[in-house]
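See below for the structure under consideration.
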Amino acid sequence: MMDWTDRHCRYFHRLLSQHALLYTEMVTTGALVHGDVERHLRFNAEEHPVALQLGGSEPADLAHAARLGAQWGYGEINLNCGCPSERVQRGAFGACLMNEPRLVADCVKAMVDAVDVPVTVKHRIGIGRNEDYGFVRDFVGTVAEAGCSVFIAHARNAWLEGLSPKENREIPPLRYDVVHRLKAEFPGLTLAINGGLSTDGAVQQALDGGLDGAMIGREAYHNPWWLARWDTLHFGAPDAGLTREAAEEAMVEYMEREAALHGTPWYPIARHMLGLRNGLPGARRWRQAWSDHRLKHLPAREVMAIARTPPRAAAEAADAASLARAPQDTAVSPA
């Protein structure tokens with residue numbers, strides 16, 4: 001979820017669910033050791049509960065990054081052992097770490113010793129076309145001995161050659177039974193499942209089958225209104241009565257706050273809520289308004305007004321905004 005679940009996205013998702021645990025995009029240890037720590041770790045207090053996901057393979061660097069995360073107030077530190085991208089592989093972390101369970105155990109031990117918050121691991125169920133259950137069983141067992149008690153299993157193998165990251169989320173077959181088998185073999189561990197879950201029924205089936213949780217990634221991003229049901233369905237909370245219009249209004253208020261405090265323009269925030277009206281009449285035109293480059297100079301509240309107007313009036317307003325923004329020709333009189 002790199003470049004997706006930034007702090008603006010998480011603020012939006014927290015509006016929709018008060019109880020779901022949110023995760024950051026993966027932050028590499030190099031970015032924290034050598035880069036701008038505040039830029040990578042700053043988050044809104046409203047995001048809690050929120051976990052920091054790290055990418056790295058050096059125990060000392062991961063311990064340092066975990067300490068920073070704990071100091072900044074994250075409630076969990078998660079090590080990514082599931083990302084299959086070539087960029088991550090070149091850094092010798094992500095899914096390729098599953099081939100080195102002892103190294104992962106050393107990384108986990110270093111982080112566990114460094115912080116008081118939980119240290120968790122997200123992983124695949126295999127590498128390449130090897131579907132031997134013993135591979136993932138031994139990985140989980142080795143890492144658990146180092147002090148990790150929470151595992152989030154993406155129920156596909158990671159094919160590290162020949163597939164793009166997108167294809168790695170679609171082509172290797174889902175094998176949910178492997179995650180259930182892990183839970184049966186390690187009943188004392190917390191096992192959550194990830195991969196291909198896109199309906200209430202699929203999530204509930206996983207939970208009814210004895211698993212301890214479900215992680216939803218891109219489906220939650222593309223269809224965010226789904227999150228608005230989770231507190232009632234999975235956490236026993238009463239229906240908060242939130243509407244899509246109220247969520248949009250709250251995001252505009254957030255955009256205004258971000259602009260005042262940090263000079264943040266509205267459009268990198270608005271991109272995260274473009275799926276809010278999926279499935280409703282007028283959703284396409286609403287998305288177009290919030291992603292219209294001609295409106296970038298307008299205040300967010302004015303853009304919301306345009307997005308909510310009838311189609312012809314919205315198009316005319318966008319055209320007018322574009323003309324108002326365009327430089328005017330200047331006539332020069334001869335001397």
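So, in the range 198-210, of the ones that are of a type outside the set (A, V, I, L, M, F, W, C) and under 22 Å from N157 (Cβ atoms), which residue ends up most open to solvent (accessible area, probe 1.4 Å)? Here the answer is Q205.
The listed residues are G275, G263, G213, G195, and the only one of them that is open to solvent by 20 Å² or more (accessible area, probe 1.4 Å) and small (G, A, S) turns out to be G263. Restricting attention to the range 161-190, the residues that are at pLDDT 95 or above, in contact with a Phe, Trp or Tyr (Cβ under 7 Å, 6 or more places away or on another chain) and either open to solvent by 80 Å² or more (accessible area, probe 1.4 Å) or farther than 20 Å from L211 by Cβ (or both) add up to 1.
Check whether at least one residue in the range 226-236 is farther than 20 Å from G195 by Cα and outside any helix (DSSP H, G or I), and report yes or no. Yes, the conditions are met somewhere in the range 226-236.
Residue by residue, here is whether (1) part of a loop (DSSP other than H, G, I, E, B); (2) buried (at least 20 other Cβ atoms within 10 Å of the Cβ) holds:
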site: T5; (1), (2): yes, yes
site: Y11; (1), (2): no, yes
site: Q18; (1), (2): yes, no
site: E46; (1), (2): no, no
site: L62; (1), (2): no, yes
site: G69; (1), (2): no, yes
site: A95; (1), (2): no, yes
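All of (1) open to solvent by 20 Å² or more (accessible area, probe 1.4 Å); (2) in contact with a Ser or Thr (Cβ under 9 Å, 6 or more places away or on another chain); (3) farther than 14 Å from G69 by Cβ; (4) part of a helix (DSSP H, G or I) hold for M1 with one exception: (4).
Could you check, for the range 246-256, whether at least one of its residues is under 21 Å from the mean Cα position of the chain (by Cα) and open to solvent by 40 Å² or more (accessible area, probe 1.4 Å)? For the range 246-256, residues under 21 Å from the mean Cα position of the chain (by Cα) and open to solvent by 40 Å² or more (accessible area, probe 1.4 Å): absent.
Of the candidates A305, A318, A270, A289, the single residue that is more than 26 Å from the chain's Cα centre (by Cα), outside any loop (DSSP other than H, G, I, E, B) and at pLDDT 95 or above is A305. Among the residues of the range 35-44, those identified as open to solvent by 60 Å² or more (accessible area, probe 1.4 Å) and in a loop (DSSP other than H, G, I, E, B) are D36, R42.
You will find that of T190, T264, T243, the residue that is closer than 30 Å to R137 by Cα and hydroxyl-bearing (S, T, Y) is T190 and no other. The residue of the range 107-157 that is modelled with the lowest pLDDT, among those that are open to solvent by less than 40 Å² (accessible area, probe 1.4 Å), part of a loop (DSSP other than H, G, I, E, B) and not β-branched (V, I, T), is G128. Residue-level check: of (1) modelled with pLDDT under 95; (2) closer than 24 Å to A214 by Cα, R90 misses just (2). I'd like to check something: does the range 266-283 contain any residue that is in contact with a Leu (Cβ under 7 Å, 6 or more places away or on another chain) and under 25 Å from L227 (Cα atoms)? No, the range 266-283 contains no residue that is in contact with a Leu (Cβ under 7 Å, 6 or more places away or on another chain) and under 25 Å from L227 (Cα atoms). Selection of first residues in the range 25-46 that are within 18 Å of G73 (Cβ to Cβ) and of second residues that are modelled with pLDDT under 95 and among the basic types (K, R), restricted to Cβ pairs under 7 Å at least 6 apart or on distinct chains, gives an empty result.
The values are calculated or read from the model by the stated rules, or taken from the named source; none is laboratory data. Just so it is clear, the structure is predicted and the values come from calculations on it, not from any experiment. A quick note on method: Cβ atoms are made from the backbone with ideal geometry, for glycine too, and the neighbour counts reach across all protein chains shown. Accessible surface areas use protein heavy atoms only, side chains included; no ligands, DNA or RNA. Shrake-Rupley method; radii C 1.70, N 1.55, O 1.52, S 1.80 Å.
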